[in-house]
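Take a look at the structure set out below.
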Amino acid sequence: MLFSSDSMQYPSLANENILDVLRLIRTPNVGPVTFFHLLRRFGTAAAALDALPGLSMRGGRKTPLIACPVEMALKEMEAIISHGAKIILYGMEEYPKFLHMVHDAPPLITVVGHPDIWQNHDVIAMVGARNASANGCQFGQRLARELGESGLTVASGLARGIDTFVHKGSLPTGTVAVIAGGIDNIYPPENASLYKQIQEIGAIISEQPFGSLPYSGSFPGRNRIIAGMSLGTVVVEAAIKSGSLITARFAMENNREVFAVPGSPLDPRSKGGNQLIRQGAIIVESADDIVQGIAPLRNTTLDSILGENPPTAYTPDPSTQQASEADLEETRRAILEKLGVTSVSVDELIEQCETSAPVVLTILLELELAGRLKRSSGNKVYLTQIMEEVA
């Protein structure tokens, strides 16, 4: 079952101070999963900010981790407002409802345009190759237009190729562009006019800092938002190793529908979609295939996602305070012995260490804040390359 009364991954941030949330997520070594673990551990973003230096030192950092300065966060907030955009926190009414259920949901997003288009209409993701064929672009544009006319909002990544034509096709009914750089950074540059059109009658989303350029690691993050805010993901054309298949994988990991347009086995751009079909994706020959495929999930309300009594605040977990420093140090050694440069499940670590989950999670937080640990998909972690000194 996709939706249940406990579907929302984390308590709402709606009552948090926006400046504190922005400072915490903009702090080095603090990603979305770490952000929410910190709030579960300390209760508020402000308390987590105060705890960062000590946690990072216990994780092996030689100098304390310094949180994003207040001045820098205020400067970003002012730039966002000047750009005509706004910050939306996890749990706010304007936050995309299905994105609440993603394991690594962004604590905040920056939005320019009209967020009501995903509040009033269900969202379907459409992605595909940058070097798409003429037929693929034409079919994607027509499909997006028909999906928009059926009452769906189409989301894509504003990239060259399929994404561009998908946005053009769904523009009259409202489309959502999720970008990999800051909300002010138009990439690719040739889509500047399309960006402005979407801003006027659609919406643009980013989780990256204002003014930042897209980089290789920010594109998978963008893809998870595209898939996470949508009931399903449609792949029009995609190579075997492509960002489009990463988006489809995010959709599958979050129990969303995956659709694929079949293509010639002689065209490398069709191999990814054909592979998805072999793995169980729904074949798409018309917009009706998609509309019927997501029909059971349509019109799901935010209330049904949050439940009747959704948590509105975090309660600090006392488990780690109750553990002695000697026990914590022993667990640190055990975890470091079991970790390597290959990813391992956090649940497996908890089971093998034979200690409470909060203690293990806190030690993982310490290591991550010290820059010694990274997280990967599937709730897995691994050690970074061991350096003589972590600054």
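The values are calculated or read from the model by the stated rules, or taken from the named source; none is laboratory data. Remember, it's a predicted structure, so these values are computed and weren't measured experimentally. Cβ sites come from the backbone with ideal geometry, for glycine too, and all protein chains shown count toward neighbours. Only protein heavy atoms, including side chains, enter the accessible area calculation; ligands, DNA and RNA are left aside. Shrake-Rupley method; radii C 1.70, N 1.55, O 1.52, S 1.80 Å.
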The range 38-66, residues that are open to solvent by 30 Å² or more (accessible area, probe 1.4 Å) and among the aliphatic types (A, V, I, L, M): Ala46, Ala47, Met57, Ile66
Looking only at the range 369-382, how many residues end up being open to solvent by less than 20 Å² (accessible area, probe 1.4 Å) and not in a loop (DSSP other than H, G, I, E, B)? 3
So Pro209 ticks every box in (1) in contact (Cβ under 8 Å) with a residue 40 or more places away in the chain; (2) open to solvent by less than 20 Å² (accessible area, probe 1.4 Å); (3) farther than 22 Å from Phe98 by Cα but one. Which box is left unticked? (2)
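β-branched (Val, Ile, Thr) and within 24 Å of the chain's Cα centre (by Cα): is that true of Val102 in this structure?
Working: β-branched (Val, Ile, Thr): yes; within 24 Å of the chain's Cα centre (by Cα): yes.
The answer is yes for Val102.
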Are there any pairs, at least 6 apart or on different chains, whose C-beta atoms fall under 7 Å, with the first in the range 46-69 and outside any helix (DSSP H, G or I) and the second open to solvent by 40 Å² or more (accessible area, probe 1.4 Å) and of a type in the set (S, T, N, Q), and if so, which? Leu65/Asn29
Single residue of the range 229-257 satisfying the filter (farther than 24 Å from Ser286 by Cα and open to solvent by 40 Å² or more (accessible area, probe 1.4 Å)) that is farthest from the chain's Cα centre (by Cα): Lys241
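Give the residue that is farthest from Lys241 (Cα to Cα), with candidates limited to residues of the range 270-285 that are part of a helix (DSSP H, G or I) and open to solvent by 70 Å² or more (accessible area, probe 1.4 Å).
Quick first cut of the range 270-285, residues part of a helix (DSSP H, G or I) only: 270-278.
Keeping just the survivors that are open to solvent by 70 Å² or more (accessible area, probe 1.4 Å) gives 271, 278.
Numbers: Lys271: 10, Arg278: 16 Å.
Across the range 270-285, the extreme among qualifying residues is Arg278.
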Only one of Asp267, Asp288 that is more than 26 Å from Glu93 (Cα to Cα), open to solvent by 10 Å² or more (accessible area, probe 1.4 Å) and touching a residue at least 40 places away in the same chain (Cβ under 8 Å): Asp267
Step by step: first the residues of the range 337-356, then only those that are assigned to a helix (DSSP H, G or I) and in contact (Cβ under 8 Å) with a residue 24 or more places away in the chain, then the one that is farthest from Pro53 (Cα to Cα). Which residue is that? Asp347
Met126 versus (1) assigned to a loop (DSSP other than H, G, I, E, B); (2) modelled with pLDDT of 95 or more: which is the lone unmet condition? (1)
Just a yes or no: is a residue in the range 213-228 assigned to a strand (DSSP E or B) and surrounded by 24 or more Cβ atoms within 10 Å (Cβ to Cβ)? no
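So for the range 169-192 (the condition being assigned to a helix (DSSP H, G or I), in contact (Cβ under 8 Å) with a residue 60 or more places away in the chain and surrounded by fewer than 20 Cβ atoms within 10 Å (Cβ to Cβ)), does at least one residue qualify? Can you show your working first?
Filtering the range 169-192 for residues assigned to a helix (DSSP H, G or I) gives 169-173, 189-192.
Add one more test, that the residue is in contact (Cβ under 8 Å) with a residue 60 or more places away in the chain, and what stays is none.
No, the range 169-192 contains no residue that is assigned to a helix (DSSP H, G or I), in contact (Cβ under 8 Å) with a residue 60 or more places away in the chain and surrounded by fewer than 20 Cβ atoms within 10 Å (Cβ to Cβ).
Kindly evaluate Leu89 against the criterion of being under 24 Å from the mean Cα position of the chain (by Cα) and at pLDDT 95 or above.
Numbers: under 24 Å from the mean Cα position of the chain (by Cα): yes; at pLDDT 95 or above: yes.
So Leu89 passes the test.
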Answer yes if at least one residue in the range 237-244 is in a helix (DSSP H, G or I) and either more than 18 Å from Ile290 (Cβ to Cβ) or hydrophobic (A, V, I, L, M, F, W, C) (or both), and no otherwise. yes
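Does Ile198 satisfy the criteria of being among the β-branched types (Val, Ile, Thr), within 19 Å of the chain's Cα centre (by Cα) and either more than 19 Å from Arg269 (Cβ to Cβ) or not in a loop (DSSP other than H, G, I, E, B) (or both)? Step through it out loud before you land on a result.
Numbers: among the β-branched types (Val, Ile, Thr): yes; within 19 Å of the chain's Cα centre (by Cα): no; either more than 19 Å from Arg269 (Cβ to Cβ) or not in a loop (DSSP other than H, G, I, E, B) (or both): yes.
No; evaluated as a whole, the condition is false for this residue.
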